[in-house]
Amino acid sequence: MSLTLTEGELYSVTDMQRAVIDRLTKDSTILQRLGFVTILGNSLTYDTITTDATAAFRNVNDTWTESTPSVTQATAALKILGGDADIDNFLLKTRSNKIDLQGTVLANKVKAVQHKFLDQFYYGTAFDSTGFSGLHQLITSTTYNTVVSNSSAVDGAACTIARMRQTKDLITGWRPSIVVMSKTMRRLLATYLDSVGSAFPRGVNEFGKQVELFDGVEVVVDDHIRNTESTTTAGAFSTYSADDQTTIFFLTFDDMAVCGIHSGEGVQVEPLGSLETKDATRWRIKWYVSMMLQDIRSCSKYCGILSGSPVTA
């Protein structure tokens with residue numbers, strides 16, 4: 001069973017680890033909800049079902065034919081994410097009565113780790129080839145989990161409510177946790193709803209917070225989803241920074257849906273001690289981390305959306 005980073009705090013972690021995890025999950029809907037499976041090796045091999053088994057009615061004395069699901073094996077390899085932070089000893093001694101210098105420096109480093117993880121979460125190896133595969137690499141099947149705005153051109157097309165619903169309906173056997181998009185797309189959706197005399201319905205999420213809904217799914221915005229994506233000639237995602245397109249994701253958080261994996265230590269905070277070349281103390285924050293998507297029908301995406309065009313029905 002996976003635990004979110006916040007739930008993991010309840011177990012054996014140091015006060016410094018707990019503080020870092022608190023800062024890592026702060027203001028991130030993804031990291032507040034994403035579960036993490038702890039593994040002991042450096043990778044996890046898992047099966048994804050790509051074709052279901054079949055069944056049929058048969059007459060007496062009919063020949064029975066065997067049918068099993070088609071399974072594809074995938075491997076999620078842990079990647080090393082982190083950075084060092086040097087805290088000047090003189091400033092620590094002389095200014096800590098005014099500010100929490102150590103806390104401020106480490107918080108800034110934690111924010112950098114958070115931002116790097118979230119960029120990788122969406123764009124994966126298209127963002128950083130040394131990192132893990134993200135949603136754009138794990139959600140690619142136009143049969144099971146992907147809707148493209150324009151399947152015959154690289155130019156993309158405006159977002160439509162019909163295709164958003166089509167994207168949601170690709171999720172089978174699950175109830176999506178959130179629909180996540182850029183602030184620009186959320187604003188364009190709100191503008192469309194205003195134009196038809198409506199508004200986002202309101203609801204309460206699992207944290208007891210009032211939220212906006214689209215077809216019963218909580219709407220979440222994330223600045224890490226770019227409005228500068230590009231697509232291939234077949235309309236599939238290509239790069240994150242070359243054009244004027246964006247993607248909307250419907251996500252389910254579960255061990256068998258979108259899930260993180262990390263090493264047994266989780267997020268590690270190491271005091272490396274005094275430096276030889278300067279009067280400072282170095283801290284290292286590191287995370288052996290990756291992600292996986294076992295059931296490809298648990299999440300879906302709508303890509304190739306023109307990020308500046310009005311939403312239509």
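The values are calculated or read from the model by the stated rules, or taken from the named source; none is laboratory data. Nothing here was measured: the structure is a model prediction, and the numbers come from that model. Neighbour counts run over all protein chains shown; Cβ positions are idealised from the backbone, glycine included.
Worth pointing out:
- When T277, T281, T246 are screened for being of a type in the set (S, T, N, Q), part of a strand (DSSP E or B) and at pLDDT below 95, only T281 passes.
- Count of residues meeting criterion [in contact (Cβ under 8 Å) with a residue 12 or more places away in the chain, assigned to a helix (DSSP H, G or I) and of a type in the set (D, E, K, R)] in the stretch 139-176: 3
- Close pairs from the stretch 105-129: first in the same structural domain as L78 (by TED's automatic domain parsing) and under 14 Å from V289 (Cβ atoms), partner buried (at least 18 other Cβ atoms within 10 Å of the Cβ) and among the hydroxyl-bearing types (S, T, Y), Cβ under 7 Å, at least 6 apart: Q114/S28; L118/S28; G124/S133
- Only residues that are under 24 Å from M292 (Cβ atoms) and over 19 Å from the mean Cα position of the chain (by Cα) were counted in the stretch 2-42, giving 10.
- Residue count for the stretch 58-111, restricted to those that are farther than 30 Å from D255 by Cβ, of a type in the set (S, T, N, Q) and out of contact with any strand residue (DSSP E or B) (no Cβ under 9 Å at 6 or more places or on another chain): 8.
- When the stretch 23-45 is limited to residues that are in contact with a Ser or Thr (Cβ under 8 Å, 6 or more places away or on another chain) and at pLDDT below 90, the one that is surrounded by the fewest Cβ atoms within 10 Å (Cβ to Cβ) turns out to be L40.
- Residue match in the stretch 48-69 (condition: modelled with pLDDT of 90 or more, of a type in the set (A, V, I, L, M, F, W, C) and either within 19 Å of I296 (Cα to Cα) or in a strand (DSSP E or B) (or both)): no
- Candidate set from the stretch 66-104 (those that are surrounded by 12 or more Cβ atoms within 10 Å (Cβ to Cβ), over 34 Å from the mean Cα position of the chain (by Cα) and in contact (Cβ under 8 Å) with a residue 40 or more places away in the chain); member that is farthest from L24 (Cα to Cα): N89
- Against the numbered list (1) surrounded by fewer than 15 Cβ atoms within 10 Å (Cβ to Cβ); (2) part of a helix (DSSP H, G or I), A190 comes up short only at (1).
- Yes/no for T63 being free of Cβ contacts under 8 Å to residues at least 60 places away in the same chain and among the polar types (S, T, N, Q): yes
- Residue-level analysis places A199 outside the set of residues that are aliphatic (A, V, I, L, M), surrounded by 15 or more Cβ atoms within 10 Å (Cβ to Cβ) and more than 22 Å from V289 (Cβ to Cβ).
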